[in-house]
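Beneath this line is the structure, given in structure tokens, with notes to follow.
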Amino acid sequence: MQKREKLLKEEVKKLLDKKQVDMVIGYEKGTLALRTTPCFLASVDDVDRLVWNEFCENNLAKYLPGRKEKVAIVAKGCDVRSIVGLIQERQITREQIFIVGIPCEGIIDRRKIESRLGEKEILEATCENGKILLRGEDFQEILKKGDFLYDSCKVCKYRNPIVFDLLIGDRVPELEKIDEYAEVRKFEAESPDERWLHFQKEISKCIRCYACRSACPLCYCEQCFVDQSQPRWIGITDNPSDVGVFHLFRVFHVAGRCVDCGACSRACPMNIDHRWLLKKMEKDVKELFGYEAGLSVEEVPPLATFKEEDPQDFIK
Amino acid sequence: MNPYLPHLAEIRKIIRETDANDVKTFEVVFLDEAVRKGFRYKPGQFAQVSVFGVEEAPISITSSPTQKGYLEFSIKRMGTVTTALHNATEGMIIGVRGPYGNSFPIEDMEGKNIIFIGGGIGLAPLRSLINFMLHEENRDKFEDIMIIYGARSPGDLVFKWELKKWEKREDVNYFVTVDKGDGKWRGRVGFVPAVLMEVAPSPKNAVAITCGPPIMIKFVIQNLQELGFTPEQIVTTLEMRMKCGIGKCGRCNIGSKYVCRDGPVFTYKELQVMPKEY
Amino acid sequence: MSKNSELQTPNSKLQTDWEPKIVAFLCNWCSYAGADLAGISRIQYPPNVRIIRIPCSGRVHPLFIMRSLQNGADGVLVSGCHPGDCHYISGNYIARRRFAILKNLLEYVGIEPERVQFSWVSASEGEKFAKVVEDVVEQVKALGPAKRLVKRKADPH
Amino acid sequence: MSEKVIQKNKMVDFLNELLKAYKVFAPVKRDHIVSFDAIQSSGEMLLNYLNSRIPPKEIFFPRSEKMFEYIRDDLIEVKEVLPSEERKVLFGIRPCDAKAILLLDKVFDSPDYQDPYYLRKRKETIFVGMGCDRPQSTCFCTSLGGAPFSEEGLDLLFTNIGDRFVVKGITEEGETLLEKYEQVFERAKKSDLDDKLNVEKEAVNRIKSKIALEKIEKRLDKMFEDSFWDRIYQKCLGCAVCTYLCPTCHCFDITDETMDTSGERFRAWDSCQFALFTLQASGHNPRMSGKERVRQRIMHKFNYFVKNYGEIACVGCGRCIKNCPVNFDIRQILLELVS
């Protein structure tokens, strides 16, 4: 990790120094344990602020749409796939961005750690050799990193960026024998009543802050369907029907585009499980249309195209 | 008293104002006798108008308090509520609550020459004050009254039936202009700020009140200053998105002011110290 | 809103005189004409459908379907031209992908699959249209009134 | 005012007594999230908690609430829907959040217009505070005139001194509770009171974030046009986590909901961080980008609110810091502004 961070700084310095880019979007130290924060650097002098570690959870592709300048972006495997999506959908051009790809072995899920520790405040966290070292006012704890990764990281198939201008450090081994849809299959096997109750339980937590939408790199619509008022599609109250439709349609809207970076779940202040729906969409798109999002800039998103032989046994 | 509850009112009459039919004037009467009597407002104030099943929108009251027993709202079709109102027919029940906001500083204007400068539908709030001042009970309290009004085209002039009355009055200096004339238009052609310079009212013992599209207001204020008007002598009204109308929902906040509570009428002097966020 | 009320099986007494409301989005060029033909040919079909004519099945936004369910439709039928017959060349192909995904999504959260159905009905298939409507009505009837995703009035405070 | 002691094992009795006479709101934990909710039995209440994720403002100013109803076809009346005026105890509120309620009072109970929805719920509520013996690293209440054991806005204050609490009656209402349920309380010994002082002192010492905010209002007077905002807003995603979880934020939207022939008017939380918050029907938006919206949040709390109500609209609870998806830290902004 530290080696990669050092290398990252060196490379980014060169980029800015040679004026290859106008700005670099990366991570810097945050003010909270288990966190980092996005940063925007335009000067070589600032590059030492950059960090790279297991707490770089944000998907910085969010900051790309609408940019005019040439930017370098620090991107993990999942982030790169979002960038591919943005290029496909013409929100940015490939030429405009310089992808500083960074192989990633998984990001630590701060919520899992926090709920493990209960009502104890973590003041400092570091990660070394697969161990997470936590320190609080009156406790110390060492946890195994593997147990506290984000769920999306646990089933990640693209730990090494698939598109990049520069790769920081050596590739990391890809995970083997992952069953990314195990959870979805588990739900599919449940009864409709159970699934409905699960859905209701998840959305009942929603406070409509739209952090899920705001954090999603592929949510860039100028006006979101949930905000439209002529006509108003979705009521603004906490009526479960409206909240449910908001979540269903948000998920539908990113179907075939979502790369399971997990940004929505991480942003959600109410710990709503967004992935159980997103992963289902991903699985269906793959099974029905043989498509996986964010792998090639030339491909067209699956819901914007068709094949004559697409399945239609559900149509009378 | 629950300030959020609208009073029911009937649309008694709908007047089509413009050729494009994008502005209509609604004559509205409260159903409840007591509300009708108790609803006291001053020129420059606004009301929250509800179309039930749609939403509420802040609309300036264009009638003058001297017109008793009913209210008038002149409304341009813009958003959801105004569109619903444009689709309304006479007899429809709507909701009205208010009046809200400050008003034109009438007491400060007494004994002064008054210059009204309006553009398009911006005449609506001014009209309330014009008719108030022109009313026989009040006319003596004010010196010369000048009205400069303009619209994009002759068809876009609002309150045409009333403009004629103002024009005929000997105690009103009336100037009307359009940006672009048509075959029948015999009057003045030119932008409102230019007409203002042409007419060149004296700033001496005067107050200028302006309302209209933002770009017009901008140049009117510039020109007024060129004519020697001080920022205190220039009065205008602001528009902001509003919901509650009573300074709570936070939407119309500009600096420490809430347009619904501290406005919508501001002198240019007050605007100068406010953030330019409107 | 009590969650349990949504899980109860429909009251059998209610069911006898209850008739489902089905919102049918029919494409202007094929299915709407098919419905027309059914009418002209005096083919009987259940009167439960409320037809909304749309230019193309590709016009059917998923929110149309979800809003129908929210606002009291017991079932939704979307019908368009057969593959290859789209007036706009590929509208129904694009729609087909969308519907496949949407159908699975709704089913996944526990909405009965029979509530939302799709069909291809051409202008000459008056009989097929009647049959589709009959099937949909019968299946929705068997399910009882829609309970899930239906927007109910909120409790006061 | 008097101070008593209650053994921790007596808390259950006390809560059970309260539950007989009042609707009791207390911190509960669901799905790893602490929030204030009405409890049915004493066992539901969480005694060991840092603070709730959603501030207790939601009890008086819920995420959405109905204001009135009407029948669309036959508009003869608008039926007001007011919350019932039940007697409530808000048990376990932290002093920072109690102060925040006092700030909300200024808005909803202003001399010109009183908000009946808020006030009816607020009025009959007894505030039983739980002193903050473990302030978190994100807490900075002392920079805003508060303190972990501040009595402002409370009727009773509990202080955790190990196996028991010292309970102080602050208002007459609080005293009445102490008297009414005297069977569960004991006389406070000198040593108890000494312990209490120590706990308080220690808590204050734990607060490491200190920002000198005396001059912030004046400073911001000159900052509106500053390029500072261009820099700081960049990472903000424009969601409403900071404002929805803020105990003093009170912006709302009003909307109509219709079903068949009936109609209802609701209000629901809204946020100055949303792009559409100020969008006018004409298409004009006075706060075009994230820059203006982030500036609005800071300016409103630390300048505009001060001018209107004489106090800063922040109590230093740290919720916006802890829950921001990108770790936007208001303390850094403030430090930079005052330095």
Could you tell me whether D:Phe61 is among the aromatic types (Phe, Trp, Tyr) and either away from every other protein chain (no Cβ under 12 Å) or surrounded by fewer than 19 Cβ atoms within 10 Å (Cβ to Cβ) (or both)?
-> no
Within the stretch B:105-119, how many residues are crowded, with 23+ Cβ neighbours inside 10 Å and either under 18 Å from B:Glu72 (Cα atoms) or of a type in the set (Gly, Ala, Ser) (or both)?
-> 2
Residues in the stretch A:222-239: is at least one crowded, with 23+ Cβ neighbours inside 10 Å and over 25 Å from D:Glu257 (Cβ atoms)?
-> no
Which listed residue, of B:Thr237, B:Thr267, B:Thr230, is crowded, with 22+ Cβ neighbours inside 10 Å and either away from chain D (no Cβ under 14 Å) or over 30 Å from D:Tyr118 (Cα atoms) (or both) | B:Thr237
So which helices (runs of 4 or more DSSP H) are wholly in the stretch B:158-257 and hold at least 1 residues that are over 18 Å from the mean Cα position of the chain (by Cα) and closer than 30 Å to D:Arg295 by Cβ?
-> B:214-226
So which of C:Val116, C:Val132 is surrounded by 17 or more Cβ atoms within 10 Å (Cβ to Cβ) and more than 8 Å from chain A (Cβ to nearest Cβ)?
-> C:Val116
Where D:Glu152 falls short, out of the listed (1) part of a loop (DSSP other than H, G, I, E, B); (2) more than 14 Å from the chain's Cα centre (by Cα); (3) modelled with pLDDT of 95 or more = (2)
Does the stretch B:85-104 hold any residues that are surrounded by fewer than 20 Cβ atoms within 10 Å (Cβ to Cβ) and part of a helix (DSSP H, G or I), and which are they?
-> B:His86
Within the stretch C:86-132, restricting attention to residues that are assigned to a helix (DSSP H, G or I) and hydroxyl-bearing (Ser, Thr, Tyr), which residue is farthest from A:Val254 (Cα to Cα)?
-> C:Tyr93
Mind checking which residues of the stretch A:255-295 are outside any loop (DSSP other than H, G, I, E, B), closer than 27 Å to D:Cys324 by Cβ and not charged (D, E, K, R)?
-> A:Ala263, A:Cys264, A:Ser265, A:Ala267, A:Trp276, A:Leu277, A:Leu278
Please work out which residue is surrounded by the fewest Cβ atoms within 10 Å (Cβ to Cβ), limiting yourself to the stretch A:31-56 and to residues that are more than 9 Å from every other protein chain (Cβ to nearest Cβ), at negative phi and part of a loop (DSSP other than H, G, I, E, B).
-> A:Ser43
When residues of the stretch B:23-76 are filtered for being more than 19 Å from B:Leu126 (Cα to Cα), surrounded by fewer than 19 Cβ atoms within 10 Å (Cβ to Cβ) and either touching a strand residue (DSSP E or B) at 6+ places or on another chain (Cβ under 6 Å) or within 14 Å of chain D (Cβ to nearest Cβ) (or both), how many remain?
-> 6
In this structure, does B:Pro214 turn out to be in contact (Cβ under 8 Å) with a residue 12 or more places away in the chain, in the same structural domain as B:Gly111 (by TED's automatic domain parsing) and of a type outside the set (Gly, Ala, Ser)?
-> no
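Name the one entry in C:Pro83, C:Pro46 that is more than 11 Å from the chain's Cα centre (by Cα) and either assigned to a helix (DSSP H, G or I) or more than 10 Å from chain A (Cβ to nearest Cβ) (or both). Can you show your working first?
On the way: C:Pro83 fails: either assigned to a helix (DSSP H, G or I) or more than 10 Å from chain A (Cβ to nearest Cβ) (or both).
Checking each option against the conditions leaves just C:Pro46.
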Quick check: anything in the stretch D:261-273 away from every other protein chain (no Cβ under 11 Å), of a type in the set (Asp, Glu) and not in a helix (DSSP H, G or I)?
-> no
Of the residues C:Ile101, C:Ile94, which single one is in contact with a helix residue (DSSP H, G or I) (Cβ under 8 Å, 6 or more places away or on another chain), β-branched (Val, Ile, Thr), closer than 24 Å to A:Glu202 by Cβ and within 11 Å of another protein chain (Cβ to nearest Cβ)?
-> C:Ile101
For the stretch D:213-249, which residues satisfy the criterion of being assigned to a loop (DSSP other than H, G, I, E, B), over 20 Å from B:Pro275 (Cβ atoms) and either of a type outside the set (Gly, Ala, Ser) or away from chain A (no Cβ under 14 Å) (or both)?
-> D:Leu213, D:Glu214, D:Gln234, D:Lys235, D:Leu237, D:Cys239, D:Leu245, D:Cys246, D:Pro247, D:Thr248
Are any of the residues in the stretch D:138-151 more than 30 Å from B:Ile254 (Cα to Cα) and in contact with a strand residue (DSSP E or B) (Cβ under 6 Å, 6 or more places away or on another chain)?
-> yes
Qualifying positions in the stretch A:183-221 - touching a Cys at 6+ places or on another chain (Cβ under 9 Å) and surrounded by fewer than 19 Cβ atoms within 10 Å (Cβ to Cβ) | A:Lys205
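For the condition at the interface with chain A (Cβ under 10 Å from one of its Cβ atoms), in a helix (DSSP H, G or I) and charged (D, E, K, R), what is the one hit in D:Lys322, D:Lys307? Walk me through it before giving the result.
Working: D:Lys307 fails: at the interface with chain A (Cβ under 10 Å from one of its Cβ atoms).
Matching residue, one of D:Lys322, D:Lys307: D:Lys322.
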Has the stretch A:264-272 got any residue that is small (Gly, Ala, Ser), crowded, with 20+ Cβ neighbours inside 10 Å, under 25 Å from A:Arg159 (Cα atoms) and not assigned by TED's automatic domain parsing to the domain that holds A:Lys76?
-> yes
Is it true that B:Arg12 is assigned to a strand (DSSP E or B) and either closer than 27 Å to B:Ser153 by Cβ or not assigned by TED's automatic domain parsing to the domain that holds B:Leu123 (or both)?
-> yes
Return only the number of the condition from (1) modelled with pLDDT of 95 or more; (2) under 23 Å from the mean Cα position of the chain (by Cα); (3) of a type in the set (D, E, K, R) that A:Glu222 does not satisfy.
-> (1)
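Pick from A:Ser229, A:Ser265, A:Ser296: which is within 14 Å of chain D (Cβ to nearest Cβ) and in contact (Cβ under 8 Å) with a residue 60 or more places away in the chain? If you could, list the steps in order and put the result at the bottom.
On the way: A:Ser229 fails: in contact (Cβ under 8 Å) with a residue 60 or more places away in the chain; A:Ser296 fails: within 14 Å of chain D (Cβ to nearest Cβ).
When all the criteria are applied, what remains is A:Ser265.
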Confirm whether B:Val192 is crowded, with 20+ Cβ neighbours inside 10 Å and free of Cβ contacts under 8 Å to residues at least 40 places away in the same chain.
-> no
Among residues of the stretch A:58-115, those that are of a type in the set (Gly, Ala, Ser), on the phi < 0 side of the Ramachandran plot and within 13 Å of another protein chain (Cβ to nearest Cβ), counted = 2
From D:Ile76, D:Ile101, residue being assigned by TED's automatic domain parsing to the domain that holds D:Lys57 and at negative phi = D:Ile101
Condition broken by A:Arg213, with the remaining ones in (1) in a helix (DSSP H, G or I); (2) over 14 Å from A:Cys268 (Cα atoms) satisfied = (2)
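The values are calculated or read from the model by the stated rules, or taken from the named source; none is laboratory data. Nothing here was measured: the structure is a model prediction, and the numbers come from that model. Neighbour counts run over all protein chains shown; Cβ positions are idealised from the backbone, glycine included.
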